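Asks: I'd like to ask you about the structure that follows.
The values are calculated or read from the model by the stated rules, or taken from the named source; none is laboratory data. Remember, predicted model here, so these are calculated numbers, not experimental data. Quick reminder, even Gly has a Cβ in these numbers, built from the backbone with ideal geometry, and neighbours come from all protein chains shown. The protein model used for the area step is the full one, side chains on, heavy atoms only, and it has no ligands, DNA or RNA in it. Shrake-Rupley method; radii C 1.70, N 1.55, O 1.52, S 1.80 Å.
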Amino acid sequence: MERCSRNPILTRKAVPPVPPLLTDVTSVFNPGAVMQHNGYHLILRVQARSRETFLMVAESADGANFVVKPEIVHFEGIEKVKERIYHVYDARLTPLKGDIYIMFAMEMDSGCQLGLGRTRDFKKFEFLGITSHEDIRNGVLFPEKIGGRYLRMDRPNKARLEGGPTTGSTIWLSASDDLIRWTPVAPLISGRFHYWDEIIGSGPPPVKTREGWLHIYHGVATHFGSANIYQAGVMLMDLKDPSKVIGRCRHNILEPRAIYELAGQVPNVVFPSGMIVEKVDQAGFALPASPVKVYYGAADTVVGMAETTIKDLLAAAKEPPIL
Ligand code: BMA
């Protein structure tokens, strides 16, 4: 992957104040991304000096120069949730049924849950509900029904990094009839101990290619003393039955190297969360030569973008296996 020459493409300085909640913000990272009406849209995680996090929208005509809108995303109806919500964060954006669906983490007393929202125009946002019962994160919707059901990948939080939040090492495939009630179908991939991806979670939503569903995920190496190293990797699932994993990279495809990835609020982090495929055929399959833009949080402080192609991502997903 090649980093954009304008990286980091968004820093705290690009975030307009929204008093009283957001002034002189601390950080902007982990963006969801989608292309709509030829425009690039991001939903950013913005953190205030109170360490509260909020979601904000950024828009661009070229995918590199973004303007952040001076508003906090409000999901209409979220106020009806009885339990206290501390933070909403790490939005993943999926075009589905003509709308944009947004799956995001909700930090609550019952643990981290997955919320679902919907927008059509990036102005009004609707809250559809909480879609989980257990501590879970990194929920990512497939962009179409498969076998008559909606599918998503998610990552139950069954572990805890020393001094850190609850986390997990298996990405699951789950299915639903209504997008709200989800049932686990099968584990997809698990962490590979001693290698780059010991702890894992989904990145952006999967992309349909003629060779299968292509999916970028994040992996954490936890065996380096004080530093947990967050990197990006790629896997491939069967088109008709995504519970069958048919490829997984051996090497990470992006790791912290640039200074803004190595240093910041949480050092050594690239966290891919948005992906735009530029060229898709009439049946909706990504073209092998298509340029791809991957948006990621760097060091939980700024937003980076890196470019590649579908062909190169497929080649990485077909590397010889580690285990
Ligand atoms: C993960 C999530 C991400 C965060 C990353 C690095 O567990 O909480 O939101 O970017 O850690 O701190």
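Asks: Of the cross-linked pairs Lys82/Lys124; Lys208/Lys311; Lys158/Lys318; Lys69/Lys124; Lys240/Lys311, which ones have a Cα-Cα span greater than 18 Å in the structure shown? Walk me through the intermediate numbers first.
Replies: Values: Lys82/Lys124 22 Å; Lys208/Lys311 13 Å; Lys158/Lys318 29 Å; Lys69/Lys124 13 Å; Lys240/Lys311 20 Å.
Beyond 18 Å: Lys82/Lys124; Lys158/Lys318; Lys240/Lys311.
Asks: Moving on. For segment 233-309, compute Rh as the Kirkwood radius over C-alpha pairs and then the Stokes-Einstein diffusion coefficient at 20 °C and 1.002 mPa s; write the answer in µm²/s, rounded to an integer.
Replies: Working: Rh = 14.1 Å.
Here the translational diffusion coefficient equals 152 µm²/s.
Asks: Two decimals is fine: what is log10 I(q)/I(0) at q = 0.12, 0.16, 0.20 Å⁻¹ for segment 146-242, from a Debye sum with one equal scatterer on every Cα and no solvent?
Replies: -0.42, -0.70, -0.99
Asks: When Rg is the radius of gyration of the Cα atoms in segment 2-317 and Rh is its Kirkwood radius, what does Rg/Rh come to? Don't jump to the answer; show the numbers that get you there.
Replies: Details: Rg = 17.8 Å, Rh = 19.3 Å.
Result: Rg/Rh = 0.92.
Asks: Where does segment 134-179 land on Rg(C-alpha)/(2.2 N^0.38 Å)? Please list the in-between numbers first.
Replies: Values: Rg = 12.7 Å, N = 46, 2.2 N^0.38 = 9.4 Å.
Compactness ratio reported: 1.35.
Asks: What number comes out for the charge environment of Ile146, summing +1 per Lys or Arg and -1 per Asp or Glu over other residues with Cβ under 15 Å away? Intermediate values should be presented prior to the final figure.
Replies: On the way: positive: Lys97, Lys145, Arg149, Arg152, Lys208, Lys240, Lys244; negative: Glu144, Asp177, Asp238, Asp241.
Charge balance near Ile146 sits at +3.
Asks: Give the accessible surface of segment 153-297 per residue, rounded to a whole number of Å², with probe radius 1.4 Å and ligands, DNA and RNA excluded.
Replies: Numbers: 6000 Å² over 145 residues.
Accessible surface, normalised per residue, equals 41 Å².
Asks: Hey, another quick one. Can you give the convex hull volume per residue for the Cα atoms of segment 189-250, as a whole number of Å³?
Replies: On the way: hull volume 4.3 nm³, N = 62.
Dividing the Cα hull volume of segment 189-250 by its residue count gives 70 Å³.
Asks: Same structure again: Starting from the Cα-Cα distance between Thr23 and Ala159, subtract it from 0.36 nm times their residue separation and give me the gain in nm to one decimal. Walk me through the numbers on the way to the answer.
Replies: Values: separation 136, 0.36 × 136 = 48.96 nm, distance 3.46 nm.
Using 0.36 nm per residue and subtracting the Cα-Cα distance, I get 45.5 nm.
Asks: Report the charge-dipole magnitude of the chain in Debye, nearest 20, computed about the Cα centre from +1 at each Lys and Arg Cβ and -1 at each Asp and Glu Cβ. Please list the in-between numbers first.
Replies: On the way: 37 positive and 35 negative charges, 46 e Å.
Dipole magnitude for the chain comes out near 220 debye.
Asks: State to the nearest 20 debye the size of the charge dipole of segment 156-270 about its Cα centre, where the only charges are +1 on K and R beta carbons and -1 on D and E beta carbons.
Replies: Details: 11 positive and 10 negative charges, 36 e Å.
Around 180 debye, computed over segment 156-270.
Asks: Take Asp241, project a point 7 Å from its Cα along the Cβ direction, then tell me which residues of segment 178-218 have their backbone nitrogen under 13 Å from it.
Replies: Under 13 Å, as judged by backbone N against the label point of Asp241, lie 186 of segment 178-218.
Asks: Ok, one more. Please compute P(r) over all alpha-carbon pairs of segment 1-97, binned at 10 Å starting from zero, and give each bin as a whole-number percent.
Replies: 15, 46, 31, 8, 1
Asks: Let me ask you something else. For the full complex of protein chains and a 1.4 angstrom probe, list Glu134, Glu2 by accessible area with the highest value first.
Replies: Per-residue accessible area, sorted high to low, gives Glu2, Glu134.
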